[in-house]
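*Asks:* Before I ask anything, let me first share the structure, which is written out below as structure tokens.
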Amino acid sequence: MKMSNMLVSTLREVPAEAEIESHKLMLRAGMMRKMASGIYNFMPLGLKVLKNVQNIVREEMNNAGAQEFLASALLPSELWKESGRWDAYGAEMFRLKDRNDREFCLGPTHEEVFTDIARNEIKSYKQLPVNLYQIQTKYRDERRPRFGVMRSREFVMKDAYSFDKDEAGLDVSYNKMYEAYVNIFNRCGLDAKCVEADSGAIGGSNSAEFMVKSEVGEDDVVFCTACDYAANIEKASSTPEMGEKEEMKELNKIETPNTRTIEDLVKFFNTSEKNFAKTLIYKADGKIVAVMIRGDREVNETKVSNALGGTTEFEMADVESVMKATGAQVGFAGPVGIKVDELLVDIEVANMFNFVVGANETGYHYENVNYGRDFEGKVGDYRNITVGEKCPRCGETITIARGTEVGHIFKLGTKYSEAMNATFIDENGESKPFIMGCYGIGVTRTMASIIEQHHDENGIIWPISVAPYHVSLIPVNIKDELQMKVAEEMYQKLRTAGVDVIMDDRNERAGVKFKDSDLMGIPMRITIGKKISEGQVEFKLRNSSDIEVINIQDVYNKVKEQF
């Protein structure tokens, strides 16, 4: 393509709305333009990259034996009501009605649709296994769209669903998708690590995420410094620090005025945060739930929600609810005599001795509290793991880094097939529910993540596998007949050889052309300037500062070396 014919406009200034590098550079390089909050139009240059990522995904999915099809993005409510998710999915779902007052949604995900396809098309075990996938636009009404296409309200996703006759078959399908994902992200030039994850609203048993380390990532990822253990912090099992056994002392109520926080209590009692247990109160699907953790810990709300059997609405309780449960102002909640529907007690708290808690009376706390004697509850792991704790797998030290999810694989089991009566006839003539798997890749998010890992102060540095063009061909002076003649010949020859080349034939200064080429991230740059009279051109790689002067006849081999 010749730039004089292209719709591409680069920006020198960073748009005020852009917070992270991928967002800034996608706007500055003319890859996309904002239409509304969380909604973007992909410009020709950006669309080429997006399609290159899609093609890698498509090739690896096909190689793994999956079959591509395309579902509608407009979904009838009846399917979602069958699975029980029409009311459960929440405010992120875009809902609408047609002229006949029939309810629809814009698909945020497609489990119900694929399950419906399977139950109508697959009748016998002889047709299994089957893996169907699509690459399609999804819609989610994010509460806070941000970071460009990292968290947007409209995004391109690859979602696949496997259907097997038994768990052994699901294991095979799951492992095939794992290998396909490793290949996809490697080919995209992404350093992505597979980590244990929570299944969230999708449901199912086993779940793993492919995470890209990123300072602006929205997830905390736990890594072991010794073994290969890695997990999203929502999933990571904490290693309880067991208190040293003591004789239980007499329960004692103490007046503690103006001590609403752990920091206040530490000063008042002149002791460590580890000697306190804090009680946090939540609203969970209409119930009031209290969660106890050690004073220096943070509640893991995902673990709490899972312990309650999965919740649709989960939030901190309001002041009125807290006062009703405790009979006290906020800051004095404790487990002794609390009036809640359920009390969850972190395992560390259950193994503490003679600790301090709120007394459910404004201005008072209890000391010498002990689990089992003074209160009881459902004991479990309800907190976030912290840096420096022991790895739950090998016992060595863990560390935590920020990360962005680019892919997610689930073992769904029969969650949707049973709910929607999606069955097949097995070898014994019996009707059995499909054993399902679910496998997603955020295609637009993958594109942004590549930029996050591959850029410098001059712009994007695309891996050649996804670059919009392989070569940027720049004649320095378009009024120089020899330069333009050689540029045209080289342009045609490279295209004939299957090289995707962009020729900057604009009447602009060389510096402007170089800056745009770097900003757009084209992997190779060939400059045709004054040395063309000697049969030489300049060759430069985007990821290097070196400029090499080479003979014209060596250009084609030099380009081929980069593939």
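*Asks:* Report the charge-dipole magnitude of region 252-380 in Debye, nearest 20, computed about the Cα centre from +1 at each Lys and Arg Cβ and -1 at each Asp and Glu Cβ.
*Replies:* It comes to approximately 240 debye.
*Asks:* For region 529-538, take each phi angle, set θ = phi - 60°, evaluate the Karplus expression 6.51 cos²θ - 1.76 cosθ + 1.60, and give the result in whole Hz per residue in order, putting x for glycine and proline.
*Replies:* Karplus values, whole Hz, x for Gly and Pro: x, 5, 6, 5, 5, 9, x, 10, 9, 9.
*Asks:* Answer with one residue from TYR161, VAL499, THR259: the one whose Cα lies farthest towards the positive end of the charge dipole of the chain, charges on Cβ with Lys, Arg +1 and Asp, Glu -1.
*Replies:* My answer, from the dipole projection, is VAL499.
*Asks:* Hey, if you put +1 on the Cβ of every Lys and Arg and -1 on every Asp and Glu Cβ in region 75-174, which of SER152, MET93, GLN127 ends up farthest toward the positive end of that dipole?
*Replies:* SER152
*Asks:* Could you tell me which label, among (i) 1.07; (ii) 1.38; (iii) 1.05, carries the value of Rg/Rh (Cα atoms, Kirkwood Rh) calculated for this structure?
*Replies:* Matching entry in (i) 1.07; (ii) 1.38; (iii) 1.05: (i).
*Asks:* Indicate the helices, whole DSSP H runs only, in the chain that combine a mean Kyte-Doolittle hydropathy of 1.0 or more with a Cα extent along their long axis of 20 angstrom or more.
*Replies:* In the chain, no H run is both long and hydrophobic enough.
*Asks:* I've got another one for you. Sort SER9, SER517 by Cβ crowding within 10 Å, fewest neighbours at the top.
*Replies:* Listing SER9, SER517 from fewest to most nearby Cβ atoms yields SER9, SER517.
*Asks:* Given H placed on each backbone N at 1.01 Å, which residues far from GLY217 in sequence or on other chains put an amide H within less than 5 Å of it?
*Replies:* GLY403
*Asks:* Post the alpha-carbon centroid distance, region 251-315 to region 502-563, in whole angstrom.
*Replies:* Centre-to-centre distance over Cα atoms comes out at 62 Å.
*Asks:* Additional query: Report the gain in length on full extension from LEU343 to CYS394: 0.36 nm times residue separation, minus Cα-Cα distance, nm rounded to one decimal.
*Replies:* 15.2 nm
*Asks:* On to the next question. Assigning unit charges at the beta carbon (Lys, Arg +1; Asp, Glu -1) and nothing else, what dipole magnitude in debye, to the nearest 20, does the chain show about its Cα centre?
*Replies:* Its charge dipole is roughly 1860 debye.
*Asks:* Could you tell me which trypsin sites (Lys or Arg not before Pro) in region 433-497 are loop residues by DSSP with no more than 10 other beta carbons within 10 angstrom of their beta carbon?
*Replies:* LYS479
*Asks:* Only loop residues by DSSP count here, and only those with at most 10 other Cβ atoms within 10 Å; note down the trypsin sites (Lys or Arg not before Pro) in region 202-304 that meet that.
*Replies:* LYS245
Throughout, read-outs are computed from the coordinates displayed, never taken from laboratory work. None of the values given here were measured: they were computed from a predicted structure. Cβ atoms come from the backbone with ideal geometry, glycine included; neighbour counts cover every protein chain shown.
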